[in-house]
1. Name the single residue, out of those in region 470-491 being open to solvent by 30 Å² or more (accessible area, probe 1.4 Å) and either of a type in the set (K, R) or out of contact with any helix residue (DSSP H, G or I) (no Cβ under 6 Å at 6 or more places or on another chain) (or both), that is nearest to G148 (Cα to Cα).
2. Provide a single number: the residues in region 206-218 that are under 13 Å from L389 (Cβ atoms) and surrounded by fewer than 22 Cβ atoms within 10 Å (Cβ to Cβ).
3. Looking for something within 22 Å of the chain's Cα centre (by Cα) and within 17 Å of G148 (Cα to Cα) - is there at least one such residue anywhere in region 219-236?
4. In region 290-324, how many are within 30 Å of L152 (Cβ to Cβ) and open to solvent by 50 Å² or more (accessible area, probe 1.4 Å)?
5. With respect to V278, determine if the residue is open to solvent by less than 30 Å² (accessible area, probe 1.4 Å), out of contact with any Leu (no Cβ under 6 Å at 6 or more places or on another chain) and not in a helix (DSSP H, G or I).
6. Could you please find all residues in region 447-469 being within 16 Å of P241 (Cα to Cα), among the hydrophobic types (A, V, I, L, M, F, W, C) and either at pLDDT 95 or above or open to solvent by less than 40 Å² (accessible area, probe 1.4 Å) (or both)?
7. Among (1) assigned to a helix (DSSP H, G or I); (2) surrounded by fewer than 17 Cβ atoms within 10 Å (Cβ to Cβ); (3) touching a residue at least 24 places away in the same chain (Cβ under 8 Å), where does P268 come up short?
8. Please indicate, with yes or no, whether at least one residue in region 417-426 is modelled with pLDDT under 95 and under 29 Å from P325 (Cα atoms).
Amino acid sequence: MTPSGTNRADRAPADRTRAGRSSTGTGRETSGRGGPPPWAAAWEVLLPAAAAPARARGRAFQAALRAAVRSGRLAPGTRLPASRELAADLGVSRGLVTEAYEQLTAEGYLRSGRGAGTWVSGAVRAANPRARDLAPRPAGARADFVPGTPDLSLFPRSAWAAAYRGVLAELPHQALGYPDPRGLPRLRTALAELLARRRGVAADPERLMVVSGVAQATTLLGSVLHARGVRTVGVEDPGSPEHGALHAAAGLGTVPLPLDEEGLATGPLRASGVRVVVTTPAHQFPSGIAYSARRRAELLDWARSVDGLVVEDDYDGDFRYDRAPVGALQGLDPERVAYTGSVSKSLAPGLRLGWLLVPESFAEEVVERKRTMDLGHPAIDQAALARFLERGEYDRHLRRCQRAYRERRDALLSALDEYFPGTEVSGIAAGLHAIAELPGHCGPPDRFLERVAGAGIAVRPLSAYGTTADDRVRLVLGYAHLSPARIHEGVELMAAATRA
C-alpha cells in the first residue's frame, strides 16, 4: 500500500474543470443516463481534503469521505469510483484513496467485494447536523422581569482569565488526573473559609463537596436519602418549581408545606409526617421573607424530634441591602442541616460550580455516590475558583454586584411608585427579585398577565410558584439582570399595557 502523502499525493489537486469532465466522462462511472455519477454530489467535500498539507491529507480525506456518508451526500447504495480513477481526478496518490476505502470499510461506512467495487453501506443513516439551543430564555421579550438570573455582563472576565492562566502555569501534572470526588482540597479549604466568614457556616472541609450547582447537590443528596428508605420530602409552598423535578429524578416525592410571616409553618410540617424538608431560610424564594429566629429554632427542634434533616438552599444569601445578611441556619446545628449553595447568582450559572456540606452521618454515603455519579468535578475549574477566592477577587466581585443590585432594586421601587402608585413591595431588601402586589384596579390577574404578555413583557406571578390560587396581582420581579433604565422602561411598558 502506498503511504498517504507520497508519490502523486504531493502534487496539486486537479482543478474543478478537470473534475467536472471526469464526473461525466466516458460513461463507466456515470449514472447510466448521461448525467454525473451518484457520488459527484460529494465532490465539493473531497476537494479541500485533497488540497490539505501532505502530512494531514490522509486523515483529512478520510474525515471528508466519512462526513459525506454521514450527511447523506453519499447515499446508501452509491457505488464509488475505482481508487485509481478517483486518485487521478483529485491529484492524490492511489494509496491515499485505497487506505481511505479500507479504513471506512472496516468502520462500516463502506462495503466492498472482490471484483464488485466499493459501495456506500446501507448501515449508515444520515445524521441531523442541527444543534438546538435549549437554554431557558424568553423569546423576543421587550422587557424581561423573570427572576433568577444575575447580570452576566458583570462577570469578572479579566480576573477569571488571570485565575485560569495562573493555575495552568502552576498545577502539577498529577493534578490533572481523576480528582478527589469531594473536590480539590485547595478549593474545599478556600470554600470552608469563605462560608464560615461570610455566611456563619460551621464548615469542615472534609464534609464539603464541590458539585455542579444546587441541582446536582439536590439529586446527589436525594439519591442517598432514597437509598436510606426516604420516599417523600417537604418543600416550601410557594417555592422553587425546580425542586419537584430534581427530587423526582432521585425517586422522591414532594409534599408542599405552607409558609406564614415567619417562615415554614411548623404545625403543617409536623402533621405531614415527612422527616426531610428543603428550605430557603435566609431569603425565602419566592416570597422574599427571612425566617425569624423563633422559626429557625422551631425548625431545628422539629428535626431533632423526628431524627430528621433540614436541607438549606442558600441561593443568594450574600446579597442584603439594608443590613448584614442573616447567617446560615446550618451554623446552629451542623448535624441536622445539610447546606448547599453555588456561584450561579454571584458569578454565573454557566460555570456550574457549587457546594454541598453534609452532616457527618451522611458524608461517606454522599462521597461514594458522587464518585459513581461523575468521578469528580473538573480539576482546572476547581483550581481557578480556589485561586479566585484566595486572592480576594470573589469578595471584590460581590461588593461590585452588591452596589449594582441595590441600585437596581431602588430603580424598580421608584418605577413602581411612579407608574403603579399604591403598589406594596414585600419581603426583605435582599437578593435578585422583589414581590410586588399591584393596586386592585390592575386585576383580575389572568387579564393583567394576558395584557402584559401581549405587549411582549415577561413576568411571573407569585401563583406560578405555589399551589394556592391568588385573586390579587402579585408579581415576582427579577431586576438584577436589567439596567436601571431598562427597569424604568419595562415598568412603563407594563403600565401602558394595562391601560390598553
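The values are calculated or read from the model by the stated rules, or taken from the named source; none is laboratory data. Fair warning: this is a prediction, and the values are worked out from it, not measured in the lab. Here the Cβ positions follow ideal geometry from the backbone for every residue, glycine too, while neighbour counts run over all protein chains shown. When the accessible area is computed, the model is the full protein with side chains, heavy atoms only, and any ligands, DNA or RNA have been set aside. Shrake-Rupley method; radii C 1.70, N 1.55, O 1.52, S 1.80 Å.
1. Out of the qualifying residues, it is H481.
2. Result for region 206-218: 0.
3. Looking for residues that are within 22 Å of the chain's Cα centre (by Cα) and within 17 Å of G148 (Cα to Cα), one finds none in region 219-236, hence no.
4. Count: 3.
5. Answer is yes for this residue.
6. Within region 447-469, V459, L462 meet the criteria.
7. (3) is the only condition that P268 fails.
8. yes
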